[in-house]
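Below: one structure, written as structure tokens.
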Amino acid sequence: MSQYLPPKIPGSKQAKEYRANVISGLLWLAAIPPVLFAVMVFGYSDQAPAFLRDLTVQLDGLFGQPVWSLIKPK
């Protein structure tokens, strides 16, 4: 006969730490797209180094050029 393990009920401190970790992770995930967009917009500028411009063009092309379609001259 096998014995059943009792359920693990987290204490209030563990639950708070878990919620804090989840919220922190979600905030980091929410911050990535705007930061990536800003770096890519800078990559299309004249002030960007050549390697960043090349990387920006390749990365933007990989995603279907969403950044270029927003900032291209009309």
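Per-residue answers, yes or no, for (1) farther than 30 Å from Lys72 by Cβ; (2) among the small types (Gly, Ala, Ser):
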| residue | (1), (2) |
| --- | --- |
| Tyr4 | yes, no |
| Glu17 | yes, no |
| Ala30 | no, yes |
| Pro34 | no, no |
| Val39 | no, no |
| Tyr44 | no, no |
| Ala48 | no, yes |
| Leu52 | no, no |
| Gly61 | no, yes |
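Here is a check on your reading of the model: is Asp46 at pLDDT 85 or above, among the acidic types (Asp, Glu) and not in a loop (DSSP other than H, G, I, E, B)? For Asp46, the condition - at pLDDT 85 or above, among the acidic types (Asp, Glu) and not in a loop (DSSP other than H, G, I, E, B) - is not met. Of the residues making up region 1-43, those that are exposed (fewer than 10 other Cβ atoms within 10 Å of the Cβ) and not in a helix (DSSP H, G or I) are Met1, Ser2, Gln3, Tyr4, Leu5, Pro6, Pro7, Lys8, Ile9, Gly11. Which residue pairs have Cβ atoms closer than 7 Å, lie 6 or more positions apart in sequence or on different chains, and pair a first residue in region 51-62 that is surrounded by 12 or more Cβ atoms within 10 Å (Cβ to Cβ) with a second residue that is at pLDDT below 90 and among the aliphatic types (A, V, I, L, M)? Taking only residues 6 or more apart or on different chains, the pairs are Thr56/Met40; Leu59/Met40; Asp60/Met40; Asp60/Val67.
Taken over region 63-74, the residue count meeting the criterion of being under 18 Å from the mean Cα position of the chain (by Cα) and in contact (Cβ under 8 Å) with a residue 24 or more places away in the chain is 1.
The values are calculated or read from the model by the stated rules, or taken from the named source; none is laboratory data. Here the structure is a predicted model, which means the values were calculated and not measured. Reconstructed Cβ throughout: ideal geometry from the backbone, glycine too, with neighbour counts over all protein chains shown.
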